[in-house]
1. If you keep only loop residues by DSSP, which chymotrypsin sites (Phe, Trp or Tyr not before Pro) in the range 38-91 have at most 16 other Cβ atoms within 10 Å of their Cβ?
2. If we count other beta carbons within 10 Å of each Cβ, what is the order of 47, 17, fewest first?
3. Quick one: if you stick a label point 7 Å off each Cα along the C-beta vector at residue 90 and residue 129, how many nm between them?
4. Could you calculate the contour length gain from residue 154 to residue 42, that is, 0.36 nm times the residue separation minus the distance between their Cα atoms, to one decimal place in nm?
Amino acid sequence: MTGEPPFDGALKELDPLVETALTENHRAFRRFLARRLGSEHDVDDVLQNFYLAAISKANAIQNDESIVAWLYRVLGSTLADHYRSRERRSRNEAAFAREQEIQTEAPDTDLHAMVCQCLYTLLPTLRPEYAELVWRVDLLAEPRKTVARHLGLKTNNLGVRLHRARRALRRALLLSCETCPEHGFLDCACDMPIRRPDTSVTA
């Protein structure tokens, strides 16, 4: 790949001046990319995309325009496209990794440490779909796949929603315990009746 420009056969259909510029400056184009990219693989990919772009757009060169200058503009544009693509890929990979972390994280020990009979009073204050998830997954210990199928959700989406539901419940429990005049902060001994939250009304 380093000795000859890629797609050499396609160059035979080009204007001879463009073909000459691409061939003679091949090593210079490669050095330009090598200084800006971290791997030979990326250099090869961008260089091939550059030659494809240059071949397909060669008829856009103006008569009084420097062919080499025009080729460097195409090369710069191709490199910018590569950076944007790499950034999008990194964002997608990070989002996927975070979603997987949520799905596989350990049980929320902080939440379980706070659970008392007040929980059953606070559940109905949450959004109905959040209360439903906490009730079924955390309190009734229903399998996530079963709950997801019943609610028409993908397992990954259910995990994200459950994470948000637990976070909302944690805030509600902390607020309740901080303001409880009878039992004090996180030291509750109340004996509230246990009842299933009303989740019939959707948010």
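1. On the way: sites: 50, 51, 70, 72, 83; in loops: none.
Answer in residue order: no site qualifies.
2. On the way: 47 24, 17 11.
Sorted ascending by nearby Cβ count, the order is 17, 47.
3. Calculated label separation equals 3.2 nm.
4. Using 0.36 nm per residue and subtracting the Cα-Cα distance, I get 36.8 nm.
Every read-out reported here was derived from the displayed coordinates using simple, explicitly stated rules and does not represent laboratory data. Just so you know, these numbers come straight off a predicted model, no measurement behind them. With ideal geometry, Cβ positions are generated from the backbone for all residues, glycine too; neighbour counts draw on all protein chains shown.
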